[in-house]
Amino acid sequence: MSAPAIGSHDPASEEGLIRRFLNATELDTRMLGMVGALLVIWAGFDIYSGILRPGDGLFGGSFLTPRNLWILMVQTSSIAVMATGMVLIIVMRQIDLSVGSMLSFIAVSVGYLQVYGLGPALGVGHPAIWIIAVLFALVMGALVGCLNGVLIAYLRIPSFIVTLGGLIAYSGLAWWVIRGETVAPMDQTYKLIGGNGPLASIGPFWSWILAFLACGGIVAAIITGRQQRRRFKFPLRPIWAETVIGVVGSLVALGATWLVNSYPWAPKVIEKYALEHNIPIPDGALDASGDAICREGDKIVRCVNGLSFETGYAIPVLIAISVGFLMTFLAMRTRFGRYVYATGGNPEAAELAGVNTKRLTVMIFTLMGVLVAVSALISTARLDSATNSLGQFNELYVIAAAVIGGTSLAGGIGTIYGALLGALLMQSLQSGMTLLNFESAYKDMVVGAVLVTAVWLDQVYRARMK
Amino acid sequence: MKTRFLAAAVGALLLGLSPLPAMAAGKTIAVSWKTFQEERWKTDEAAIKAVVEAAGDKFVSTDAQGSAQKQAADIEGLITQKVDVILVVAFDSDAILPSFKAASDAGVKMLSYDVLVEDPNALYVTFDNVGVGRLMAKVIQDAKPEGNYAFIKGDKGDPNATFLFQGITEVLKAALDSGKIKNVCETFTDGWKPDNAQKNMEQCLTSTGNKVDAVVSENDGMASGVVAALDAQGLAGSVPVSGQDGDKAALNRVALGTQTVSVWKDSRALGKAAGEAAVAIAGGADPASLAGVTKFNSGKKGVEVNAILLTPNAITKDTLNEVIDAGWISKAEACAGVKAGAVKACD
C-alpha cells in the first residue's frame with residue numbers, strides 16, 4: 001500500500017488512512033460497526049426522549065443519563081451471561097433452545113429451596129442460605145445441561161430436537177415444582193446478586209479500584225502480547241497503535257466507572273440507610289434539584305450539599321463482565337476453546353485429528369447449563385421472587401444476541417464480546433422504546449427487524465471481506 | 001404380601017374395566033377444561049365436584065390441553081355419552097360456538113365458565129372482570145386521590161387486560177379529566193411477566209424522575225416486579241400498588257404494606273355457584289329463573305346471554321382475615337415478616 005501524500009484531500013487517501021489505522025491496530029471492524037450502531041441508537045433515544053420530556057441526558061433527554069445506563073447494564077446482564085455460552089454452542093454447529101425453560105426450572109427450584117427449605121430449616125436470614133442456594137443452582141444447571149449434552153452426543157439426537165424437547169419439558173418441570181405459584185421473598189444477601197437498587201452494588205471506592213486494576217490489566221496484556229509475538233516471530237503492531245489501544249481501552253474503563261459512580265442513590269434509599277445505620281443527616285434547605293438529603297426542621301428534604309451516596313458497579317454487571325472475561329479466555333486461550341472452534345469449522349476433520357467431539361459436546365452443554373444457572377440466580381435475585389414465567393422466551397433473546405453479535409449459524413465463527421454487545425444492543429432498543437412509551441407491538445417489530453438486518457449486514461460484510 | 005398386592009391390582013383393573021353404573025336418579029354433569037396445566041383449575045374442579053356429588057349427581061371432566069380441536073372433540077364425546085349439562089372453559093371462545101350449538105341441538109344444557117362464549121342458550125358464570133378493574137382503581141384512588149399514576153397493563157393480546165383497564169378508567173375518568181390524576185406511564189406487559197413489569201416500571205421511574213405517586217398493576221405477578229422496581233428507589237411501601245389473583249406472595253406484600261390491594265376471585269365460590277347452577281339446570285330449572293342471573297351483553301359480538309356475575313373481594317390490610325379465614329392462605333404464610341401490631345389479621 002502506498003503512503004498517501006500529506007495534506008492531500010482526495011477521499012481515496014482518507015479511506016487509506018482509516019484502513020491503515022485498522023490494519024495497524026488489528027481491531028475487529030465488525031465490532032467497531034456495532035459499537036458505532038449502539039452509540040447512534042443511544043444518542044437517538046436521548047434526543048427523542050428529550051423532545052418528549054427534557055431530562056439531564058447528554059443531549060437533553062433521559063436515556064444517556066448515569067441512572068438509565070446503570071439500569072440498562074443491570075437489565076442486560078442475565079441475557080448477556082447466557083449469550084456467552086450460546087456463542088460456543090452455535091460455533092459448534094449446535095443450538096440450545098431450552099435455556100429459557102431451564103432458567104425457569106432452576107429459578108423456581110432455587111426459590112422453593114430458599115423459601116420452603118432453607119428458610120424454615122436454618123432460620124430466615126441465616127448467612128449460609130445464599131451460599132447453599134448458589135451452589136445448588138450451579139450444580140443443578142450443570143446436571144441439566146449435561147443431560148442435554150449426553151442425549152445429543154451419545155444418543156445422536158439432533159440438538160435442535162433435544163433442546164426443543166427441553167424447552168417444553170423443563171417448563172413443565174418448573175410448573176410442577178411450584179404449581180404456578182410465585183415464591184417470595186428471597187434471602188437478603190442472595191438479593192444482592194440481582195443488583196436491584198443501589199445497595200446491591202460495590203460503591204464508588206471499589207469501583208475505582210477495579211477501574212485502575214482494569215487499566216493495569218490492559219497495559220500488562222499489551223506488553224505480554226508484544227513479548228509473545230516477538231518470541232514466536234509474529235509481526236508486531238506499531239508502537240503508536242499499541243498506545244492508541246491502551247489509551248482507548250483505559251479511557252473506556254475509567255469512563256464506565258465514572259458513569260456508574262455518578263449515579264446517586266435515590267433520596268428515599270439514603271434516608272432509610274441513614275436511619276438503619278444511625279448516620280446523622282446534616283441540616284440544609286430544600287432544593288429539589290439536589291441528589292442529597294438534608295434535615296429541614298423535622299422534615300427530611302432533598303438538597304444539594306447534604307448526605308448522599310454514589311452507586312458504583314452493580315453486582316450482576318460485575319458477574320456478567322467476569323463471565324465475559326472467563327469465557328473469552330476459555331475460547332481464545334485454552335485447548336478446549338480451540339477444539340470448539342475447530343469442531344465448528346469442520347467436525348469431520350476435527351474428529352479425524354483426534355478431538356473427542358462427543359465429550360466436547362457434553363462439556364459445552366454442561367457449561368451452558370452452569371451459565372443458565374448464573375442467569376437464574378441474577379433473575380430471581382433481581383425480581384426478589386421466583387415464578388414460572390421467569391426465563392420464558394429468553395432462548396430467543398439469547399440466540400438473537402449471539403447472532404447479532406456476529407456468531408454464524410454455519411458454525412466456526414463467533415466471539416464472546418460480540419454476543420455481549422449484541423445483548424446490550426437488544427436491551428438498549430427495548431429499554432429505550434419503553435422509555436419513550438412505545439407500544440409493545442412496535443417494540444417487537446423493531447427488535448425482530450434489527451435481528452434480521454444485523455444478519456444481512458453481516459453477510460454483506462463477510463462477502464466483501466473475502 | 002405379594003398375593004394381596006396382586007389381588008388388589010386385579011381388583012383395581014376390574015373396577016377400571018367395569019361399565020359405568022346406570023344412572024338411576026342422578027344426572028351427569030361434565031366440565032370441559034381448556035387446560036389443566038394451571039394450578040387454579042384444580043381448585044375450581046374440587047368445588048364443582050363437591051356440589052355436584054352432594055346433590056347425588058355424577059361428575060366427569062375432560063382436559064382440552066390447550067387445543068381448540070381437542071376441546072371440540074371432547075364436547076362431542078360428552079354429547080355422545082349423553083351427559084345432561086356441560087360446563088365449558090373455552091380455549092377459543094369463537095371456535096367453540098359450533099360445539100355449543102351441537103350440544104343444544106342434542107338437548108344438552110351448556111354453561112360457559114369463566115370465559116365468555118356468546119351463545120344465547122348458554123349460561124355464563126364468571127367473576128365480573130370489569131368489576132375487578134373498578135375495584136382496583138377505587139382502592140388505589142382512596143389511598144392516593146391525586147398525583148401521578150402509572151398503569152402497568154397485562155398482555156396486549158389478552159382481552160382481559162382491556163376489560164380490566166376499562167373498569168380502571170371508568171372509576172378514574174373524572175379525576176383524570178379534571179387533572180387531579182395524571183397518567184404518566186401506561187404500558188402493556190408482554191406475557192403478563194413480572195420481570196417485564198419490573199423493566200417497564202424502572203423505565204417509568206427513570207423517565208419521570210421517580211415522580212410516581214401510585215401504580216395500578218393489573219395483576220399480582222406484575223405487582224411483584226413493580227414493587228421490586230419501587231424498592232430499588234426506596235419507594236416500596238410509600239407508593240400504593242394494586243394487583244389481583246390473591247397470590248400468596250402478594251398477600252404477604254399486602255400484610256407487609258408494600259402492596260395496597262390484591263383483588264381476590266375466590267375460585268371456590270365460582271366453582272360452587274357454577275356447580276349449583278348446573279345441578280339446578282340438570283334438574284330441569286330454566287337458567288333465566290335462577291337466583292342471581294342477570295343479562296350480559298358486553299362481549300365482542302354483543303350477544304345477550306344469561307349470566308351469573310360474582311363480585312370479587314378487595315383484599316387489603318384490613319380485610320386480610322378474609323383469605324386466612326377462607327383457608328386460601330395460612331396465617332404464617334400471609335404474615336411472614338410482619339411486625340407485631342402492624343396488621344390486625346396477623347396478631
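Bear in mind that the values in this text are calculations on the coordinates, not laboratory data. Just so we're clear, the structure is a prediction, and the values are computed from it rather than from any experiment. Neighbour counts run over all protein chains shown; Cβ positions are idealised from the backbone, glycine included.
At a 10 Å Cβ-Cβ cut-off, how would you order B:170, B:218, A:348, fewest neighbours first?
A:348, B:170, B:218
Which cross-chain or sequence-distant (5 or more) residues have an amide H under 5 Å from the amide H of residue B:183, H modelled 1.01 Å from N in plane?
Here B:149 satisfy the definition.
Which ordering of A:299, B:27, B:272 is given by a fewest-first count of other beta-carbon atoms within 10 Å?
Exposure proxy ranking, most exposed first: A:299, B:272, B:27.
Which loop trypsin sites (Lys or Arg not before Pro) in region B:290-333, with loop taken from DSSP, have no more than 12 other Cβ atoms within 10 angstrom of their Cβ?
Answer by residue number: B:300, B:301.
Helix B:2-17 versus the longest principal axis of chain B: what is the Cα-based angle in degrees, 0 to 90, to the nearest 10?
On a 0 to 90 degree scale, this one is about 90.
I need the chymotrypsin sites (Phe, Trp or Tyr not before Pro) found in region A:387-455, filtered to DSSP loop residues with at most 15 other beta carbons within 10 Å of theirs.
Listed in order of number, the matching sites are A:393.
Residues with beta-carbon under 15 Å from that of residue A:103, excluding residue A:103: net charge, scoring Lys, Arg +1 and Asp, Glu -1?
-1
For helix B:220-232, report the angle its Cα long axis makes with the longest principal axis of the Cα atoms of chain B; keep it between 0 and 90° and round to the nearest 10°.
Orientation of helix B:220-232: about 20 degrees from the principal axis.
Amide H of residue A:281 versus every other amide H placed in the peptide plane: which residues, excluding those fewer than 5 positions away on the same chain, fall under 5 Å?
Residues meeting the amide H criterion: none.
Based on DSSP H assignment, which helices of chain A show an axial Cα extent of at least 30 Å together with a mean Kyte-Doolittle hydropathy greater than or equal to -1.0?
A:29-52, A:66-91, A:129-153, A:203-231, A:239-260, A:357-383, A:440-465
Students often get this wrong, so check it: of B:34/B:272; A:268/B:144; A:272/B:182, which have C-alpha atoms separated by over 24 Å?
Violating the 24 Å Cα-Cα cut-off are A:272/B:182.
Taking every eigenvalue of the Cα gyration tensor of the protein assembly as shown, multiplying by 5 and rooting it, what semi-axes result, largest first, whole Å?
52, 35, 25
If you wrap a convex hull around the alpha carbons of region A:265-306, what volume per residue comes out, as a whole number of Å³?
With only Cα atoms used, region A:265-306 gives 59 Å³ per residue.
Average projected area of the Cα convex hull of chain A, in nm²?
27.5 nm²
Explain nothing, just compute: Karplus ³J(HN,Hα) = 6.51 cos²θ - 1.76 cosθ + 1.60, θ = phi - 60°, for every residue of region B:44-59 in order, whole Hz, x for Gly and Pro.
Computed from phi, the couplings for region B:44-59 are 4, 4, 4, 5, 5, 4, 4, 5, 4, 6, 5, 7, x, 9, 9, 10 Hz.
Would you grab the residues whose amide H sits under 5 Å from the one on residue B:264? Only those 5+ places off in sequence or on another chain, please, with H modelled 1.01 Å from N.
Amide H to amide H, under 5 Å and 5 or more residues apart or across chains, residue B:264 pairs with B:245, B:313, B:314, B:315.
Would you kindly enumerate the cysteines in chain A that have no other Cys beta-carbon under 4.7 Å from their beta-carbon?
If one checks each Cβ against the other cysteines of chain A, A:146, A:215 turn up with nothing under 4.7 Å.
Let me have the 222 nm mean residue ellipticity of chain A computed from DSSP H runs of 4+ only, each contributing -39500 (n - 2.57), with the sum over all residues rounded to the nearest 500.
So the calculated ellipticity at 222 nm is -22500 deg cm²/dmol.
When a footprinting reagent is the concern and you count Cβ atoms within 10 Å, what order do A:335, B:268 take, fewest first?
Arranged by neighbour count, lowest to highest, A:335, B:268 become A:335, B:268.
Defining a contact as two alpha carbons under 8 Å apart and six or more residues distant in sequence, what relative contact order in percent does region B:77-227 show?
This gives 21 percent for region B:77-227.
Hey, how many Å between the Cα centroid of region A:90-145 and the Cα centroid of region B:256-325?
Here the two parts' Cα centres lie 39 Å apart.
Restrict the search to region A:219-261; then list the chymotrypsin sites (Phe, Trp or Tyr not before Pro) that DSSP places in a loop and that have at most 10 other Cβ atoms within 10 Å of their Cβ.
For chymotrypsin sites (Phe, Trp or Tyr not before Pro) across region A:219-261 that sit outside H, G, I, E and B with at most 10 neighbouring Cβ atoms in 10 Å, the list reads A:232.
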